[in-house]
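For reference, the structure discussed in these notes is given below.
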Amino acid sequence: MEKEGNNGAAENGIKIPEIKFTQLFINGSFVDSVSGRCYETRDPRTGEVLASVAEGDKADVDLAVAAARQAFDHGKWPRMSGYERAEIMIRFADLIEQHRDELAALECLDAGKLFSMANIIDLETSIRTIRYYAGAADKIHGETLKMSRELQGYTLKEPIGVVGHIIPWNFPSIMFAIKVAPALAAGCTTVVKPAELTPLTALYYAYLAHKAGIPEGVINVVTGFGPTAGAAIASHMDIDMVSFTGSTAVGRFVMEAAAKSNLKPVSLELGGKSPLVIFDDADIDKAVDIARDATFFNNGEACIAASRIFVQEGIYDQFVQRLAERMKSWVVGDPFDPRVQQGPQVDKVQYEKILQYIEHGKREGATLLTGGKPCGKRGYYIEPAVFTDVKDDMLIAQDEIFGPVMSVMKFKTTEEAIERANNTRYGLAAGVITKDIDTVNRLTRSIRAGLIWVNCYFEMDADLSFGGFKISGFGKDSGLDALNKYMHVKSVVMPIYNTPWL
Ligand code: ADP
């Protein structure tokens with residue numbers, strides 16, 4: 001850890017925001033939980049208490065769902081024209097833009113994200129996503145069907161109804177936007193449960209949405225824990241769909257609860273163990289930089305992180321040597337400091353889990369090339385770990401660690417690279433680095449993952465469909481596929497001529 005201390009905000013003139021919203025947001029108002037209970041969130045920079053937040057559970061979810069149900073069944077939001085919804089959504093995005101620095105700072109305090117990244121990536125993506133779906137809200141249309149000589153038909157795309165959104169802690173703003181914005185554009189109403197560790201920005205977004213003119217009951221936010229508030233959403237009889245992002249284990253619970261209740265459709269964006277395959281013809285320095293950022297971006301807390309780096313044998317030794325060099329200048333420290341590249345892990349549980357994986361990797365016989373130790377006097381900081389000599393069946397190569405741990409592996413042939421890249425239960429993302437177009441085409445068609453980057457990594461766009469294969473889940477976030485998932489297709493059939501025999 002090159003940088004000590006937690007004075008990054010003060011040293012760089014960044015104002016630490018006051019925490020304004022800690023209650024549940026139901027039917028257009030901030031309210032206490034029915035039980036009156038609160039829970040504490042902690043600042044990952046120090047481990048100290050950050051905020052006391054309302055602890056919603058089933059009773060609060062019931063109230064939020066009743067509000068969302070009323071807003072959907074009888075309110076104006078689903079009945080407005082797409083153009084009117086778009087106007088309000090654009091105002092919502094504009095308000096986020098106006099509060100951008102404050103929201104970015106909240107992400108930093110809540111999740112340990114780098115302030116600069118939260119601002120230029122998380123907030124920028126959220127704003128763009130809302131504007132993108134606002135732009136789509138008045139372009140929703142079905143098809144005309146020429147059925148037979150006697151019959152014609154058409155399809156209507158209708159909002160699916162009340163949507164439950166259960167979101168994780170690693171990208172609280174982006175997750176809120178990519179889940180809620182397409183649902184809003186479609187005309188749905190929503191109950192959002194942010195992750196218990198990072199509830200602050202979702203509450204702020206609910207406030208701004210209300211201020212922008214999104215009617216009461218359309219967006220409700222219930223903060224609280226997964227097995228209580230989250231489970232109540234998954235099993236609720238009056239929720240029409242659940243869109244979940246989180247771990248595979250919880251995704252299974254959500255799907256089971258949906259099946260056992262009202263058989264609501266689910267969309268699951270789950271974990272990943274993404275491969276990045278680097279061929280001999282790659283520019284080694286560029287490949288090192290792509291690999292480093294692909295693994296350690298966002299403190300390694302990204303489901304799409306490339307945590308399995310396959311390097312072809314011709315450049316393997318050079319790659320490893322230059323990677324070790326490059327890691328020497330990596331700065332771990334206060335996320336408000338612009339020089340810092342990696343902040344603290346989100347909480348103590350996650351921090352300890354990552355350190356255990358690192359110990360396990362050492363015991364399994366992988367070589368710890370750099371890092372892997374806790375650092376800093378307090379807070380949840382870890383030196384980024386680079387393992388070499390990793391075997392495919394080692395735990396560090398199979399499990400999603402969700403932290404700054406890279407596994408580097410050597411391969412010989414393209415066939416071997418494809419087989420080993422696919423040797424995982426996950427299928428969320430992958431990367432390929434090569435100048436050879438034939439190799440690019442082979443890999444992009446052979447790797448079973450929902451998103452494949454070529455000669456880059458982590459590049460995203462609101463228009464890019466995003467979602468996994470295999471146990472990484474199903475259903476897309478982002479892009480027009482996500483808009484479609486929040487709509488039913490209804491078919492209407494009618495005779496062409498009103499003939500009496502039909
Ligand atoms: P992570 O491992 O990234 O923390 P989780 O899958 O545990 O991811 O959490 C993602 C989201 O799912 C969070 O909002 C969490 O509160 C919620 N959650 C956890 N357990 C359940 C559950 N049993 N039912 C519904 N939601 C849950």
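At-a-glance table
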| item | result |
| --- | --- |
| Approximate shape of segment 148-231 as ellipsoid semi-axes (Cα gyration tensor, √5λ), whole Å, largest first | 31, 15, 11 |
| Segment ASN262-GLU419, extension gain: residue separation times 0.36 nm, minus the distance between their alpha carbons | 52.5 nm |
| Surface share of carbon and sulfur [accessible, 1.4 angstrom probe, percent] for segment 342-449 | 48 percent |
| Calculated P(r) of segment 275-454 - Cα pairs past 20 Å, % | 50 percent |
| Net length gained if the chain between GLU40 and PHE225 were fully extended (0.36 nm per residue, minus Cα distance) | 65.4 nm |
| Residue order for THR129, THR228 - accessible surface, 1.4 angstrom probe, largest first | THR228, THR129 |
| Share antiparallel - DSSP beta bridges, segment 122-252, percent rounded to 5 | 20 percent |
| Largest to smallest accessible area among LYS193, LYS470 [probe 1.4 Å] | LYS470, LYS193 |
| Fraction of accessible area attributable to carbon and sulfur, segment 198-257 (%, probe 1.4 Å) | 65 percent |
| Long-range Cα-Cα pairs in segment 219-370 (distance over 25 Å), rounded percent | 48 percent |
| Segment 275-454: antiparallel DSSP beta bridges as a percent of all, rounded to 5 | 20 percent |
| Accessible carbon and sulfur surface of segment 1-145 relative to its total accessible area, %, 1.4 Å | 49 percent |
| Sites matching trypsin sites (Lys or Arg not before Pro) across segment 112-196 that sit in DSSP coil, with at most 14 neighbouring C-beta atoms within 10 Å | LYS139, ARG149 |
| Positive-end extreme of charge dipole, segment 330-405 - chosen from TYR357, VAL340, ILE396 (charges on Cβ) | VAL340 |
| Fraction of antiparallel bridges per DSSP, the chain only, in percent to nearest 5 | 45 percent |
| nm² value of the averaged projected area, convex hull over the Cα atoms of the chain | 25.5 nm² |
| Flagged links, alpha-carbon separation over 25 Å, of LYS193/LYS490; LYS286/LYS412; LYS58/LYS113; LYS58/LYS264; LYS211/LYS490; LYS286/LYS377 | LYS193/LYS490; LYS58/LYS113; LYS211/LYS490; LYS286/LYS377 |
| Accessible area expressed per residue, the chain, with surrounding protein chains retained (probe 1.4 Å, Å²) | 40 Å² |
| Cβ-defined net charge surrounding LEU464, 12 Å radius [Lys, Arg +1; Asp, Glu -1] | -3 |
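The values are calculated or read from the model by the stated rules, or taken from the named source; none is laboratory data. This is a predicted model, so every value here is computed, not measured. With ideal geometry, Cβ positions are generated from the backbone for all residues, glycine too; neighbour counts draw on all protein chains shown. To get the accessible areas, we keep the full protein, side chains included, count just its heavy atoms, and leave off ligands, DNA and RNA. Shrake-Rupley method; radii C 1.70, N 1.55, O 1.52, S 1.80 Å.
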